[in-house]
Each structure stands twice: as C-alpha cells, then as structure tokens.
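Written below as structure tokens is the structure these notes are about.
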Amino acid sequence: MVSTQAYLENLKKVIDGLPCKDIDACIQALLQACQAGHQVFVFGNGGSAATASHVANDLNKGCLLPGKPRFKAICLNDNVPLMTAWGNDSSYEDIFVEPLKNFLQKGDVVLAISASGNSPNVLKAVEYAKERGAKTVAWTGFGGGKLKPLADLSIVVPSHEYGPCEDLHLVLDHLMMQRIRELM
C-alpha cells in the first residue's frame, strides 16, 4: 500500500526527470503547425484517451488568442460511434488509422499518447502518419516502448507506473498550453 506522501514524493522524482529539451521541441512543433494552418490529430486509449481529449480542448480553446491563428486540433477518440464501427467491422487496430486516412495531410502533426508505448492501434496510426509526411509526436512512459523510436519527437515520462505517467501527460498538456500562449 502506498501512502499519500510516498506517491507524491515519487511524482516529484518523476517530474525532475522530465526531458525539458523534448518538451520544448514538442511545443515548437505544435506552434509551427498552428502558424502554418496545419491540423493536429491527437489520440490514445483509456486514460490516454481522456488526456487526448483534454489536449484537443486546450489547443482549440485554451490557446485561442485574439488576432492569432487558431489551432485545428482533432481528437480521434472523441468520435465513439466511428471508433466502434471500425473496431467492429475491421479491427480495433484500425480505430485511429482509418479516420486519419480521411483527413491527414502532409505537414499535419499527429500526437500519440500511450503510457506503455506499445498500443497496436496507436503504432499503426503513427506509422501511417509518417508515411504521409506528418510530424509525429509521442507522449509515453515505460521507457517509450515501440512508439518512442517510431515518432519524430518523443517525450518519455521516466516511470514504469501508469498513474505517474498519466499524471504527467496531463501536466505536459497544461505546461505546453501555457508556453504556447506566451509564445503566440
């Protein structure tokens, strides 16, 4: 059993290990996409799906500044009927790649969130995005899994536990939104 203090102490250590250089590179990639009028596609499973939805919300509304370009962020896991249709009629591995086939354009950014870095549906979508000339960004944990070397940019939360990984992915969202607003 983990005490409250032990959980928070562990979280502080994980925060101290975050790769600031990689975070800054992700901020720049998102900002450049916005300024160039490119789309940002974000997705994940489970807790990562909730974070992906939050990221799209914060890009579209939280980064809205008068007179500045607007983000075009789309969370692929927010369309549950489409996800379940692809999962049922094709394969769960296709739930993200198939919608990308409808919308993805060269120069867009794909932000894949997977604590383990090994979700087959996430990997398949990132592979497709790379083939089509999108900038691929991964937020992972657990050493990065298969996703880390696949993505152009990776932020690996230095933890092998889902709680701290998911906690820090949401912190990344809020940190990036604040920095993007400042830089805009």
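The values are calculated or read from the model by the stated rules, or taken from the named source; none is laboratory data. Keep in mind the model is a prediction, meaning the values are calculated, not measured. Here Cβ is always computed from backbone atoms with ideal geometry, including for glycine, and neighbour counts include all displayed protein chains.
In the range 1-53, how many are among the charged types (D, E, K, R) and in contact with a strand residue (DSSP E or B) (Cβ under 9 Å, 6 or more places away or on another chain)?
Of the residues in the range 1-53, 1 are among the charged types (D, E, K, R) and in contact with a strand residue (DSSP E or B) (Cβ under 9 Å, 6 or more places away or on another chain).
Take the residues in the range 151-168 that are in a helix (DSSP H, G or I) and under 14 Å from the mean Cα position of the chain (by Cα); name whichever of them is surrounded by the most Cβ atoms within 10 Å (Cβ to Cβ).
In this case the residue turns out to be C165.
Given V126, V137, V171, V122, which one is part of a helix (DSSP H, G or I), β-branched (V, I, T) and within 19 Å of D58 (Cα to Cα)?
After applying the criteria, what remains is V171.
Condition check: under 18 Å from Y92 (Cβ atoms), small (G, A, S), touching a residue at least 12 places away in the same chain (Cβ under 8 Å) and touching a Gly at 6+ places or on another chain (Cβ under 8 Å). Does A125 satisfy that?
Here the answer is no, as A125 does not meet what is asked.
Of the residues A125, A115, A134, which is buried (at least 17 other Cβ atoms within 10 Å of the Cβ) and touching a Ser or Thr at 6+ places or on another chain (Cβ under 7 Å)?
Answer to the selection: A115.
Between a first residue in the range 150-164 that is under 19 Å from P120 (Cα atoms) and a second residue that is of a type in the set (K, R) and surrounded by fewer than 20 Cβ atoms within 10 Å (Cβ to Cβ), which pairs have beta carbons less than 8 Å apart while being 6 or more apart in sequence or on different chains?
L150/K130; D152/K130; S154/K148; V156/K148
Residues A6, A33, A49: which one is out of contact with any helix residue (DSSP H, G or I) (no Cβ under 6 Å at 6 or more places or on another chain), of a type in the set (G, A, S) and crowded, with 16+ Cβ neighbours inside 10 Å?
A33
Considering only residues that are surrounded by fewer than 17 Cβ atoms within 10 Å (Cβ to Cβ) and either over 19 Å from C26 (Cβ atoms) or within 12 Å of the chain's Cα centre (by Cα) (or both), which ones fall in the range 52-61?
Within the range 52-61, just K61 meets the criteria.
For the range 95-110, give me each residue that is in contact (Cβ under 8 Å) with a residue 60 or more places away in the chain and in contact with a Leu (Cβ under 8 Å, 6 or more places away or on another chain).
Hits for the range 95-110 are V109, V110.
Residues that are over 30 Å from H160 (Cβ atoms), surrounded by 15 or more Cβ atoms within 10 Å (Cβ to Cβ) and in contact with a Pro (Cβ under 8 Å, 6 or more places away or on another chain): does the range 62-83 have at least one?
yes
For the range 46-59, check the following and say yes or no: at least one residue is at pLDDT 95 or above and either over 25 Å from G141 (Cα atoms) or assigned to a strand (DSSP E or B) (or both).
No, the range 46-59 contains no residue that is at pLDDT 95 or above and either over 25 Å from G141 (Cα atoms) or assigned to a strand (DSSP E or B) (or both).
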